[in-house]
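Here the structure comes first, spelled out in structure tokens, and everything after it is commentary.
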Amino acid sequence: MLTDMRVYADQAATTALGEAAWKAMEPWLRTEFGNPSALYEEGRRARDCVEAAREKTAYLLGAEPREIYFTSGGTEADNWAVYAAARRGAQAGKRHLITSAFEHHAVLNPMKALEKEGFELTVLPVHENGVVRADELAQAIRPDTALVSIMFVNNEVGTVQPVAELGKVCRERGVLFHTDAVQAAGHLPIDLRSLPVDLLSLSAHKFHGPKGIGALYIRNGVSLENFIKGGGQERGKRAGTENTAAIAGLAAALEDSLVGRTEKDAYVATLRKTVQEALLLVEASRLNGDSCKRLPGNLNISFQGVEAEALLIYLDMKGIAVSAGAACAAGALEPSHVLTAMGLSDEAAGSAVRITLDETNTREEAEYLARSIAEAVRRLRGMA
């Protein structure tokens with residue numbers, strides 16, 4: 001059953017390093033090695049590279065360069081936003097936090113840790129389609145609310161949240177609003193000049209940039225304490241020698257990902273349609289998440305009576321890489337908290353697979369995915 005063909009269909013977990021990112025990074029991995037904090041020529045060149053990348057990243061997000069802080073990735077950016085905003089609120093006597101039931105653990109776990117420190121936490125429900133409602137957020141906000149954190153796009157089902165509406169609710173009530181945009185940046189247009197967001201996290205490896213680099217947008221006028229203390233890098237806000245190569249790769253990858261985005265999305269939507277239509281013909285299958293308000297390449301389907309782990313192992317031997325829930329939670333025995341928050345039973349959540357495609361996938365791969373997954377489900381059901 002082993003095959004020489006490999007189809008990578010887990011683009012929401014991570015993506016291959018793109019050519020644009022590699023070209024931007026290569027000099028800083030080989031011949032250019034100066035410390036950006038150094039005053040001599042090698043250091044000045046590295047500093048110029050970092051600041052040029054900051055300017056490009058800011059431009060692509062509709063932000064100002066001084067609002068962009070580079071981090072080690074989305075998890076650090078989320079942690080910084082949540083912890084620093086919570087402590088900022090506590091100084092003003094505000095110790096109430098709001099998030100949703102299907103956030104990434106990079107937001108949920110810090111929130112729960114803060115709850116143990118004495119903060120109050122309200123977890124908003126998500127409905128069957130995986131959307132947080134603005135009216136329910138408005139009802140949850142209190143005079144002592146310090147922070148609201150709702151993700152831009154869900155990592156498991158691809159649901160796009162009404163971030164503009166949610167941010168407007170927060171802005172009208174004077175509450176800081178953070179959005180984890182790790183799955184959105186590079187895939188959706190983000191214009192922070194008009195979007196009512198105070199804090200936004202992103203990660204390069206989700207849009208064909210390098211791993212280990214991300215950024216936190218902090219709106220001008222919002223003051224947050226340092227998350228990592230040490231030297232004076234990132235204008236004194238984030239200590240540690242800047243990873244010049246990775247920073248250059250992030251900016252280049254973000255720019256490249258947004259070029260021709262409309263055409264890329266239309267193409268990817270046709271790939272998803274090919275797979276989705278075939279798999280929903282399989283008996284006792286169901287689509288998880290909103291059928292329209294989702295990223296074009298995200299497909300999450302449950303197959304009744306089939307354990308997702310068994311299906312993934314079978315597909316891997318057929319040369320197919322997909323996931324069950326979030327890659328960050330791989331190995332966990334519990335059913336997906338995202339799917340159970342949307343009302344799925346533990347059994348239905350445990351039979352769900354996530355297929356995520358992008359413009360690097362081919363029509364041939366989509367057709368192979370559709371055939372192979374349908375065949376695998378039938379075989380596994382026959383073994384039960």
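Ordering Phe102, Phe119 by the number of other Cβ atoms within 10 Å of each residue's own Cβ, fewest first, gives Phe119, Phe102.
Taken one residue at a time, the phi angles of the stretch 61-67 give Karplus couplings (6.51, -1.76, 1.60, θ = phi - 60°) of 9, x, 10, 9, x, 5, 9 Hz. Gly and Pro are set to x.
Principal-axis analysis of the Cα atoms of the chain puts helix 244-258 at an angle of about 60° to the longest axis. Of the residues Ser100, Ala77, Ser223, the one whose Cα sits farthest towards the positive end of the charge dipole of the stretch 19-258 is Ser223 (charges of +1 on Lys and Arg Cβ, -1 on Asp and Glu Cβ, taken about the Cα centre). Ordered by the number of other Cβ atoms lying within 10 Å of each residue's own Cβ, fewest first, Thr179, Thr75, Thr340, Thr362 fall into the sequence Thr362, Thr340, Thr75, Thr179. Checked against a 23 Å cut-off, the cross-linked pairs Lys211/Lys293; Lys56/Lys264; Lys56/Lys237; Lys56/Lys211; Lys23/Lys273; Lys23/Lys206 give Cα-Cα distances beyond that limit for Lys211/Lys293; Lys23/Lys273. Scalar couplings 3J(HN,Hα) for the stretch 339-353, obtained by applying the Karplus form with A = 6.51, B = -1.76, C = 1.60 to θ = phi - 60°, are 6, 5, 5, 7, x, 6, 5, 4, 5, 5, 5, x, 10, 8, 10 Hz; x denotes Gly and Pro.
The local environment of Val7, defined by Cβ-Cβ distances under 13 Å, has a net charge of -3 under the rule Lys, Arg +1 and Asp, Glu -1.
Among Glu309, Glu51, Glu277, which one shows the highest mean-square fluctuation when the chain is modelled as a Gaussian network with alpha-carbon springs under 10 Å? Ranking Glu309, Glu51, Glu277 by mean-square fluctuation puts Glu277 first.
Using a simple charge model, +1 on the beta-carbon of Lys and Arg, -1 on the beta-carbon of Asp and Glu, nothing else, what dipole does the chain show about its Cα centre, in debye to the nearest 20?
620
Distance between the pseudo-spin-label points of Leu287 and Leu121 (7 Å out from Cα toward the beta carbon): 3.3 nm. Helix 19-29 and the longest principal axis of the Cα set of the chain meet at an angle near 50°.
Charges were assigned to the Cβ only: +1 to each Lys and Arg, -1 to each Asp and Glu. The resulting dipole of the stretch 141-229 about its Cα centre is roughly 160 debye. In order along the stretch 97-105, phi translates into HN-Hα couplings of 10, 10, 8, 10, 6, 10, 5, 5, 4 Hz, rounded to whole numbers, per the Karplus curve 6.51 cos²θ - 1.76 cosθ + 1.60 with θ = phi - 60° and x for Gly and Pro.
Only counting other Cβ atoms within 10 Å, I'd like Phe227, Phe207 sorted with the fewest neighbours first.
Phe227, Phe207
Which FRET efficiency, nearest 0.05, do Glu136 and Ala16 yield, Cβ-Cβ r, R0 41 Å? The formula returns an efficiency of 0.60 here. For Thr15, the amide hydrogen comes within under 5 Å of the amide hydrogens of His208, counting only partners 5 or more places away or on other chains and with H modelled in the peptide plane. Compare Ala185, Ala21, Ala284 in a GNM of the chain, Cα atoms joined below 10 Å, and give the one with the largest fluctuation. Ranking Ala185, Ala21, Ala284 by mean-square fluctuation puts Ala284 first. Near Asn298, the amide H atoms lying under 5 Å from its own belong to Leu357; only residues 5 or more places off or on other chains count, and H is placed 1.01 Å from N. Look at the alpha carbon pairs under 8 Å that are at least 6 residues apart: their mean separation over the length of the stretch 19-258 gives a relative contact order of 28 percent.
Highest GNM mean-square fluctuation among Ala90, Ala184, Ala20, for the chain modelled with Cα contacts below 10 Å: Ala90. How far is helix 308-317 tilted off the main Cα axis of the chain, in degrees rounded to 10, range 0 to 90? The answer is roughly 80 degrees.
Laboratory data are not the source of any read-out in this text; all were calculated from the coordinates shown. Values in this document were obtained by computation on a predicted structure and should not be read as measured data. Heads up, the Cβs are rebuilt from the backbone with ideal geometry, glycines too, and the neighbour counts pull from every protein chain shown.
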